[in-house]
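The values are calculated or read from the model by the stated rules, or taken from the named source; none is laboratory data. Worth saying up front: this structure is predicted, and the values here are computed from it rather than measured. Because the Cβ atoms are built from the backbone with ideal geometry, glycine has one as well, and the counts that use them run over all protein chains shown. The accessibility values were calculated without ligands, DNA or RNA, using every heavy atom of the protein model including side chains. Shrake-Rupley method; radii C 1.70, N 1.55, O 1.52, S 1.80 Å.
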Amino acid sequence: MTPARWRRLMQALHLPPNTATFDALRAAYAERHRHYHTGEHIHDCLEKLAISRHLAPSPDAIELAIWFHDAVYNPYRADNEEKSADWAARFLNDNAADPALVEHTRHLILATCHDAPAHDPDAALLIDIDLSILGADEDRFLAFEHAIRREYRWVPGPLYRRRRGDILRSFMQRERVFHTEVFHGRLETRARVNLAGALERLQKS
């Protein structure tokens, strides 16, 4: 999350520099209660987009959605994606952006709820980027799981294990974890190994 990267995106979208919004986003991702949904996660997503932009009809819209998709993150609430999408929409409307871009960006951010399959190429790529941690090497995946638990440390152990198990199992039960052929080919097998291991650890803990 660098100022230079933000400026390039603003230029690509024909928007003013919006330095204040960059500062607000950087502050949001640095909130103390975050352990996974941080600027590091955004940086990782941006890096993965950089090598897969050719797959997207609207790569700049995906990049904007990446910047905003976890901008609001309160582990006590279930409407974080909606509030993040609202922030992005306000930002674009305040800059007199094309209404089509506003709507598409909202759609992309809401797709990161991961509660339904993607029905367009941009959402498919964004979802795969956001979920790519599931196919990371074992050490990085374990660190991810530990970070998520820290974000939800207020949830009692039995309840956390049940709810976390439900989420991980929902990915396991899909025909494909990843939508795009590139991410499916590179990460699908590793993701299923990671998910199975995480579920086994939850059952034993």
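Here are a few things to note about the model shown:
- Sole exception among (1) among the small types (Gly, Ala, Ser); (2) farther than 19 Å from Lys48 by Cβ; (3) without any contact (Cβ under 8 Å) to a residue 40 or more places away in the chain for Gly185, by number: (2)
- Residue identified as small (Gly, Ala, Ser) and open to solvent by less than 60 Å² (accessible area, probe 1.4 Å) among Ala78, Ala89, Ala100, Ala96: Ala89
- Condition met for Ala71 (open to solvent by less than 50 Å² (accessible area, probe 1.4 Å) and either among the hydrophobic types (A, V, I, L, M, F, W, C) or in contact with a helix residue (DSSP H, G or I) (Cβ under 8 Å, 6 or more places away or on another chain) (or both)): yes
- The test for being farther than 16 Å from Leu13 by Cα and modelled with pLDDT of 95 or more holds for Glu82.
- Selection status of Leu125, in a helix (DSSP H, G or I), open to solvent by less than 50 Å² (accessible area, probe 1.4 Å) and within 23 Å of Arg174 (Cα to Cα): yes
Per-residue answers, yes or no, for (1) over 16 Å from the mean Cα position of the chain (by Cα); (2) closer than 21 Å to Glu63 by Cβ; (3) in contact (Cβ under 8 Å) with a residue 12 or more places away in the chain:
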{"site": "Arg90", "(1), (2), (3)": "yes, yes, no"}
{"site": "Asp98", "(1), (2), (3)": "yes, yes, no"}
{"site": "Leu101", "(1), (2), (3)": "yes, yes, yes"}
{"site": "Ile109", "(1), (2), (3)": "no, yes, yes"}
{"site": "Leu131", "(1), (2), (3)": "no, yes, yes"}
{"site": "Leu142", "(1), (2), (3)": "yes, no, no"}
{"site": "Arg164", "(1), (2), (3)": "yes, no, yes"}
{"site": "Glu175", "(1), (2), (3)": "yes, no, no"}
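- Counting only residues that are among the aromatic types (Phe, Trp, Tyr) and not in a helix (DSSP H, G or I), segment 59-89 holds 2 of them.
Conditions (1) part of a loop (DSSP other than H, G, I, E, B); (2) of a type in the set (Ser, Thr, Tyr); (3) surrounded by 14 or more Cβ atoms within 10 Å (Cβ to Cβ), marked per residue:
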site	(1), (2), (3)
Trp6	no, no, yes
Pro16	yes, no, no
Phe22	no, no, yes
Tyr36	yes, yes, yes
Ile42	no, no, yes
Leu46	no, no, yes
His54	no, no, no
Pro57	yes, no, no
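- When Thr112, Thr189, Thr180 are screened for being open to solvent by 50 Å² or more (accessible area, probe 1.4 Å), hydroxyl-bearing (Ser, Thr, Tyr) and on the phi < 0 side of the Ramachandran plot, only Thr189 passes.
- Lone unmet requirement of (1) in a helix (DSSP H, G or I); (2) surrounded by 15 or more Cβ atoms within 10 Å (Cβ to Cβ) for Arg140: (2)
- Whichever residue in segment 148-174 is open to solvent by 50 Å² or more (accessible area, probe 1.4 Å) and of a type in the set (A, V, I, L, M) and, among such residues, is nearest to Ser205 (Cα to Cα): Ile167
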